[in-house]
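Encoded as structure tokens, the structure appears first; notes follow it.
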Amino acid sequence: MIRRRHLLPLAAALLSAPALRAQEGPWPRRPVRLVVAFPPGGLSDVMGRIVATRLSEGLGQPVVVDNRGGAGGTLGTQFAVRSAPDGYTLAFAAPSTHVTGPILFPSPGYDGTTDVAPVGAFATIASIAVVHPSVPATNVAELTALARAQPGRLNFGSAGSGGSVHLAGELYKMLAQADITHVPYRGGAAMLTDLLAGRVQIAFDNLPQILPHVRSGAVRALAVTSATRSRFAPELPTMAEAGVQGFDVTSWFGVTAPLGTPPEIVARLNAAMRASVAEPAVQEQLAGMGAEPLSMTADEFGAFLRAERVRYAEIIRVSGAKVD
């Protein structure tokens, strides 16, 4: 039985609870973690750090990058997806982390489209099909002829199984009927090191990472992987123009939160991302990297993720791409 003398303290506690929550202030009240599911140094890491900096400014709290590489980006993403839906752990999204990785890996532990709360997009980039100078091919047609004449002898590197760089190579193999071997790495920086050294001969690498090495002559560019020519390398034909009809692979970056994150937190994150993408300074920074800004509402980004999953699932099915 509750005695009268107990009622006053109980009532006081109940009345003070809203006041205590008000004193704590709105989200975020402490630093936010942005999980980038790749090692430092690659393009995803660079993009993730730009997003973290801009979100820090927009939210008024530090947004700290947490690099958790492995399994094509699925290990770190699984950690982020399974975190508490309180807005303090976010996942940096790319094709391999949210679309292709969960299809290719047997036990990713999450679905990148249904187990997340989409927040927003940030940027998109094309890739460039390149070869090491030791490869006697100056265009895509010559590379295809060489690959057909030497089945399995040429290899192409990627930043990890399941990413757009990997699947661009698989799509080329499928559409051009060229037998080349996939060599996955733990991140784009490691792949680039071996490409420049000639330990892998071919790559379909993201434009921001590879274009400086194209300009220096360290690698030879053959074509861009997007459906239209890139304004950053207008002299390069598209893969379709080079004879591989139906080729269209680009990368994109965004942010998701764990499923169940309060809508008001998602809305605030989305507003901060869209405001940053609209800033001329950010657009100039992206242009300097060969990337295009990409702005979407949370709902639009969710629809985009679902459409990408359908598209890449078909590429994986038809090409027979597997995790190496």
Check: If you find the alpha carbon centre of the stretch 252-273 and of the stretch 43-79, how far apart are they in angstrom?
Finding: 13
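Counting Lys and Arg as +1 and Asp and Glu as -1, each charge on the Cβ, what is the dipole of the chain about the Cα centre in debye, to the nearest 20? Provide the component values of the computation, followed by the final result.
Working: 27 positive and 24 negative charges, 214 e Å.
Computed charge dipole of the chain: roughly 1020 debye.
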Margin query: Which residue, VAL224, PRO280, ALA257, has the largest displacement toward the positive end of the dipole of the chain when charges sit on each Cβ (Lys, Arg +1; Asp, Glu -1)?
Written below: ALA257
Next item on the list: Based on the mean of other Cβ atoms within 10 Å per residue, sort peptides 57-63, 38-44 so the most packed one is first.
Entry: 38-44, 57-63
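How long are the three semi-axes of the equivalent ellipsoid of the stretch 126-224, in whole Å, if each is the root of 5 times an eigenvalue of the C-alpha gyration tensor, listed from largest down? Can you show the working numbers first?
Working: eigenvalues 64, 46, 29 Å².
In descending order, the three semi-axes are 18, 15, 12 Å.
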Item checked: Order by protection proxy (mean Cβ within 10 Å, highest first), peptides 104-116, 231-243, 311-323 -> 104-116, 231-243, 311-323
Margin query: Give me the percent relative contact order of the stretch 145-187, please, defined on Cα pairs under 8 angstrom at least 6 residues apart.
Written below: 52
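Quick check for me: using +1 on Lys/Arg Cβ and -1 on Asp/Glu Cβ, what's the dipole size of the stretch 126-224 about its Cα centre, in debye to the nearest 20? Provide the component values of the computation, followed by the final result.
Values: 7 positive and 5 negative charges, 22 e Å.
Roughly 100 debye for the stretch 126-224.
Provide the FRET efficiency to the nearest 0.05 for the ARG186-THR228 pair, computing r from the beta carbons and using R0 = 25 Å.
Once rounded, the FRET efficiency stands at 0.20.
How high is the relative contact order of the chain, in percent, counting Cα pairs under 8 Å that sit 6 or more residues apart?
Details: 663 pairs, mean separation 79.6, N = 324.
Reported relative contact order: 25 percent.
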Note to self: Compute the angle between helix 263-278 and the longest alpha-carbon principal axis of the chain, please, reported from 0 to 90 degrees and rounded to the nearest 10.
What the structure shows: 40
Next item on the list: Report the label-to-label distance for ASP86 and GLN245 in nanometres (one decimal), using points 7 Å from each Cα along the Cα→Cβ vector.
Entry: 5.7
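Give me the percent of DSSP beta bridges within the chain that run antiparallel, rounded to the nearest 5.
Numbers: 23 of 38 bridges.
Within the chain, antiparallel bridges account for around 60 percent of the total.
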Item checked: Translational diffusion of the chain, µm² s⁻¹ [Kirkwood Rh, Cα pairs; Stokes-Einstein; 20 °C; 1.002 mPa s] -> 103
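Read the figures in this text as sums done on the coordinates, not as results from a lab. On a predicted model such as this, the values are computed, not experimentally measured, just so you know. Cβ atoms come from the backbone with ideal geometry, glycine included; neighbour counts cover every protein chain shown.
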